[in-house]
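The values are calculated or read from the model by the stated rules, or taken from the named source; none is laboratory data. Every value quoted in this text rests on a predicted model; they were computed, and no experiment measured them. Neighbour counts run over all protein chains shown; Cβ positions are idealised from the backbone, glycine included. Side chains are part of the model used for accessible areas, which takes the heavy atoms of the whole protein and leaves out ligands, DNA and RNA. Shrake-Rupley method; radii C 1.70, N 1.55, O 1.52, S 1.80 Å.
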Amino acid sequence: RTPFAPLVTKVRADIAKGGKEADMALAKIGMGTSAGFMLAGYAEEGKITGAGPADKGQRDALMRQGWQPYSLVFDFSDMTESQKGEFAKLPVDVRYGSGDYAGKVYVSYQGMEPIGAFMAMSANYHEYVKYENDNSKINAMRAGLAYGFYDYMMQSPFLQGLSNISSSLGMS
């Protein structure tokens, strides 16, 4: 479900068949690629976090300021009092930032499968690129991310569920 999908024999065969198989293969490639770009954009904007820097000291320093790995990041200053109160009720790990991260609220997305895995992969890729200077390593990681997305999505039925919901709402 990435631009690299045509490198996989089964995907090429499905596209070559034409008809429904080709349409499904191309739709999966488009959906996976779109999801990857969207989530990578969220990571770049600081709206989701991954594992953080590989350097333990840097990571620990971030965490002391309330930064939390594998989280959705909300700007507390943009919330109403009612919205702020709702965060206390969430059944997940919520952390409030301080210092450079003051005003940020971190809500863990671990366990929000299958989308949590995509958020983690995209955010980890963004964070890796942020701290890596070797372009060949960045390109290798990009290819790994694409293959990871494709492999994971080939095993996950959630897009079929999304399609079923759309159909039941009369949207397809």
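What the table below lists for this structure:
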{"quantity": "Amide proton proximity set for Gly66, modelled H, under 5 Å, gap of 5+", "calculated": "Ser98"}
{"quantity": "Of the GluC sites (Glu not before Pro) in segment 74-145, those whose Cβ has at most 14 other Cβ within 10 Å and which sit in DSSP loop", "calculated": "Glu132"}
{"quantity": "Cross-link pairs Lys104/Lys130; Lys47/Lys130; Lys84/Lys104; Lys28/Lys130 - those with Cα-Cα distance over 18 Å", "calculated": "Lys104/Lys130; Lys28/Lys130"}
{"quantity": "Accessible-area order (highest first, 1.4 angstrom probe) of the listed residues Leu62, Leu26, Leu90", "calculated": "Leu26, Leu90, Leu62"}
{"quantity": "Segment 88-142 shape via C-alpha gyration tensor axes, a/c threshold 1.5", "calculated": "oblate"}
{"quantity": "Signed unit charges on C-beta, dipole axis of segment 67-135, positive-most listed residue Ser77, Phe87, Tyr101", "calculated": "Phe87"}
{"quantity": "Debye log10 I(q)/I(0) at q = 0.16, 0.17, 0.22, 0.24 Å⁻¹ for segment 24-129, Cα point scatterers", "calculated": "-0.74, -0.82, -1.20, -1.33"}
{"quantity": "Computed lengthening from Lys47 to Met31, 0.36 nm per intervening residue step minus Cα-Cα distance", "calculated": "3.7 nm"}
{"quantity": "Share of carbon and sulfur in the accessible heavy-atom surface of segment 19-97 [1.4 Å probe, %]", "calculated": "58 percent"}
